[in-house]
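Down below is the structure, laid out as structure tokens.
Every read-out reported here was derived from the displayed coordinates using simple, explicitly stated rules and does not represent laboratory data. Small disclaimer: the values here were computed from a predicted structure and weren't measured.
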Amino acid sequence: MSTGKKSEAYLTFLLNDEKFAVHVNYVHEVVEFNKYTRVPDAPAYMLGIFNLRGTILPLLDTRIKLGLPQKEKTTKTRVIILNIYGEEDAITSIGAIVDVAREVVEIEDESVQKPDDIEGFKSSTPITGIVNDHGDITMIMDINRVFSFDELNQVGKATI
């Protein structure tokens, strides 16, 4: 018998020791961090461009974009290939560096606490929900608030 509870699939990843999740609809794949080419005059969060099986994608440092300190890349560092959606079904793909890619998990909608329910939480944050699983906190991230389609298009034009 179905419980009627609605859940969604999310990919979890780490930045510092904080756990984040992004909806799987935005995730194309996860790849190992590899070599890339720096791009002159690019924004600080854009490390450069890289080749993903013949497609050139921008490589962005999620830590810098979120205002976190940079960290040395390790063997656990991963690149999440994300699809960012714009108007009229336009899609751009990027590589977003994370410290560790974890797993795909099902999160029940009713277990997500909205940030506006938390006193003093900024409404401009890219965090759209928080899950507290017995003290194990996961922050759900709206990837379109972190990497906007328009902003990425500007970066793309600057790198061509």
Region 1-86, relative contact order [Cα under 8 Å, separation at least 6], %: 27 percent
One quarter of the C-alpha convex hull surface, i.e. the mean projected area of region 7-159 in nm², amounts to 9.9 nm²
For region 7-159, what is the relative contact order in percent, using Cα pairs closer than 8 Å and at least 6 residues apart in sequence? 27 percent
Spelling out what I want: for every residue of region 74-81, take phi, set θ = phi - 60°, compute 6.51 cos²θ - 1.76 cosθ + 1.60 (Karplus), and round to whole Hz; glycine and proline get x. 10, 5, 8, 4, 10, 10, 8, 7
Apply the Karplus parameterisation 6.51 cos²θ - 1.76 cosθ + 1.60, with θ equal to phi minus 60°, to every residue of region 96-108 and state each ³J(HN,Hα) to the nearest whole Hz, in sequence, with x for glycine and proline. 10, 7, 10, 5, 8, 8, 9, 7, 8, 10, 8, 10, 6
